[in-house]
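Okay, structure first, notes after.
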Amino acid sequence: MISEPVSLPPLSLSRADARDAELERVHGDTHRRWWWGLAVVSIVSAVVVRVVVSRSAVAPRTPWDENGLLQMARVIAGQNDVPPMSGAGYFPGFSFFIAPVWWFTDHAPTVYTASLWIAIAFGLGAYVPLTLLARRMGVSTPQAIVAAGVVMLLPALTANADYVLSESALMFWVAWAAVAVFAVWDKPGWGRMVLTVAAVLMAFLTHARALLLVIVLVIWLLGFLRRSARHALLGLALLLPGALAVQTIAKTLTDAVLIGEFRQNELVLNTLASTNPSLLLQVTLTQTWAQLVGSLGLIAVGGVVLTAWTFRDLARWRTLGPSAYVFGAGLAAALLSFAAWSGPAAHFRGTWPRFDSWVYTRYIDPFVALVVLVAVTALIRKLSGRVIAIAIAASTAVVLATVYWAARPIATWGSMDGPVNASGVLAFTRFLPREPFPLPHIPTLTNGGRFWVIASIVVLASLVVMLVLRGRPRALAAALVIGMSAHSLAANPDQARETPDNLQYGVERAESVAGNEVAIDFALGCDSVSGFQRAQALNWIGFWFSPRDVNAVDPATDDFTAEVVVACMGWDDEAEQRDARLLEGSENYGYGVWILPGEIQDALAAEGAFRD
């Protein structure tokens, strides 16, 4: 049994500075009124930034990730014959929380808006566990709220307010899992261990990527055997079958909405198998650099403190303390992302280069947000200049290696396949070039690579500010709240939605003569469009045309049962055989609305609605 289990982040790398827990909390009892005021400002800022970011979210940005969650929610809500969709599949944890929306309305735009605010509520809800976690790191309650507020203002978290995605809920459960780990370490108990396992399993049910939390918790529980063997065994006994149950639930629900099977695990394994060692080093540098940019350097400070904390606890207790869990989660997420984007094919969309893959932060963000929290709490408690100096030195090394080696062959004019993929660098994308230029090249302030240089200067300047203000925690905390708020607002992914407006016009034109909602058949067999366009059209109409009955039909094997068919624009030969006619002005994604013979076609023909 381990006595004196209190574990707090070190403020110095010197053994002589190993003060007891009460002395380490001394700064929590001063200037309380000022700290409460800043706490309120941080909360208001987190809410306001999310409201601003969410203004453009009137429909899904991507008909894969978002629509997959929304369609699974329909299945959970008890709807039958949910239209199928194309995709690799997504874990359904968040879908359980938005499923009740479908009980009250099946109007797709309304469902989307309600689901968006549920996602935002989850995002803001992470404030509570992050604050509790900061309290366990040795700061007072208002200071903990401020520290949590800085984390809540990270662009990686605020950008999620523009989407109905699992990431906000994932951050919520990741934070609660960390709180539970600290609680069960502090005072082992049956209930605390059950809650720890439950939080990790909820994170896993929310996103397949959280499998890494399951693995990290297994390793941590093996170390916890030294702290409390019976509680560790209980955790292992609950965790392993629980993880299998999550896999079963996820497969059942994804199979209910996908045309194919769940393939995310297969895609990850295939990507890992194609990892290139040189690309691995390059991606490690560029994605680490992106994390520095997204956190304004806080990730470096937190990384130094957390590493020292983990190894200090290991030396003290000869086992893994709670800091090791946070360390393991962040490290595992980073390694997974580095490896996942280290295959040559990962950096192209067809023949066009991708840029977001090099600075991809989405896979890492929810897990390393805890590392940023470690940094902010340590800075509030007057972190030593030596630790910050080490963080500056490490950051400088990453910046130089990235700018002068890793970035040289990267096409910065490539696609940003979704702003949330690289939300950490969005504030600086205004400095990206619009046109291709010869590669490789060395980025400077005056050429097409200035994006790398400007963002790097901001990161290093931010770290210098932390060093200068290290003895003035109130001023530093205020600077972090203001700076991160500005960073997130500058990173606002204000973006257009590619809703199927023309297809919807065509369907509504048919309904105007039918006098009621019409059923829609979607023609799967069209060779004149790409697989991407086919999936885009199918996924959009399956959700956006709710509550209409939408069916996917393979004309080679099945007959159409609806008079209204969404088929590709190159469907002319088959349309001629079926006497189908194309509604003028109904094209989206290479698809249009075709009307088969019947009363609807006759009425529309009389109105001159068809393309000649």
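The values are calculated or read from the model by the stated rules, or taken from the named source; none is laboratory data. Since we're looking at a predicted model, the values are computed, not measured. All Cβ positions, glycine included, derive from the backbone under ideal geometry; neighbour counts span all protein chains shown. Note: areas computed on protein heavy atoms with side chains; ligands, DNA, RNA excluded. Shrake-Rupley method; radii C 1.70, N 1.55, O 1.52, S 1.80 Å.
Each semi-axis of the equivalent ellipsoid for the stretch 461-513 is √(5λ) with λ an eigenvalue of the Cα gyration tensor; in descending order they amount to 53, 10, 5 Å. Net length available on complete extension from Gln495 to Ala393 is 33.1 nm, with 0.36 nm assigned per residue and the Cα-Cα distance removed. Placing pseudo-labels 7 Å out from each Cα toward the beta carbon at Ala245 and Leu439 gives an inter-label distance of 4.8 nm.
For the stretch 36-88, a/c is not less than 1.5, where a ≥ b ≥ c are the root eigenvalues of the C-alpha gyration tensor, and a/b tops b/c. That puts it in the prolate class.
Compute the length gained on full extension between Glu576 and Ser415: take 0.36 nm times their separation in residues and subtract their Cα-Cα distance, giving the result in nm to one decimal.
Values: separation 161, 0.36 × 161 = 57.96 nm, distance 3.87 nm.
Gain in length upon complete extension: 54.1 nm.
Residues whose amide H falls under 5 Å from that of Gly260, counting only those 5 or more places apart or on a different chain, are Gly87, with hydrogens built in the peptide plane. From helices alone, the chain scores -18500 deg cm²/dmol at 222 nm; the rule is -39500 (n - 2.57) for each run of n ≥ 4 DSSP H residues, then divide by the residue total. Per residue, the stretch 72-224 exposes an accessible area of 27 Å² to a 1.4 Å probe, with every protein chain left in place.
The residues of the stretch 362-442 have, on average, 35 Å² of accessible surface per residue, using a 1.4 Å probe with all protein chains present.
Measure off, as a whole percent, the carbon and sulfur share of the 1.4 Å-probe accessible area of the stretch 342-481, all protein chains present. Mind dumping the intermediate values first?
On the way: 3380 of 5240 Å².
Percent of accessible area from carbon and sulfur atoms in the stretch 342-481: 64.
Compactness of the stretch 106-255 was expressed as the Cα radius of gyration divided by 2.2 N^0.38 Å, which yields 1.14. Averaging Cα coordinates gives a centre for the stretch 129-168 and one for the stretch 176-206; these two points are 18 Å apart. Here's how it looks for Arg349: its modeled amide H is under 5 Å from those of Arg354, which are all 5 or more places away or on a different chain. Give me D for the stretch 493-569 in µm² s⁻¹, whole number, from Stokes-Einstein with Rh from the Kirkwood sum over alpha-carbon pairs, 20 °C and 1.002 mPa s. In µm²/s, the coefficient rounds to 161. Could you tell me whether the stretch 387-521 comes out rounded, prolate or oblate from its Cα gyration tensor? Rule is a ≥ b ≥ c as square roots of the eigenvalues, rounded for a/c under 1.5, then prolate if a/b exceeds b/c, otherwise oblate. Oblate is the answer for the stretch 387-521, as a/c is 1.5 or above yet b/c matches or exceeds a/b. Where the centre of each part is set by its Cα atoms, how far does the stretch 42-108 sit from the stretch 536-612, in angstrom? Centre-to-centre distance over Cα atoms comes out at 27 Å.
Rounded to the nearest 10 square angstrom, His31 shows an accessible area of 100 square angstrom against a 1.4 Å probe.
Provide, for q = 0.13, 0.22 Å⁻¹, the log10 of I(q)/I(0) from a solvent-free Debye sum over equal Cα point scatterers in the stretch 473-612. Log10 I(q)/I(0), no solvent term: -0.56, -1.38. Work out the FRET efficiency for Asp558 and Asp527 from their Cβ-Cβ distance, taking R0 = 25 Å, and round it to the nearest 0.05. After rounding, the FRET efficiency stands at 0.90. Applying 0.36 nm per residue to the separation of Asn551 and Gln79 and subtracting their alpha-carbon distance, the gain on full extension is 168.5 nm. Checking (i) 28.9; (ii) 48.4; (iii) 45.7 against the coordinates, the calculated mean projected area of the Cα convex hull in nm² falls under label (i).
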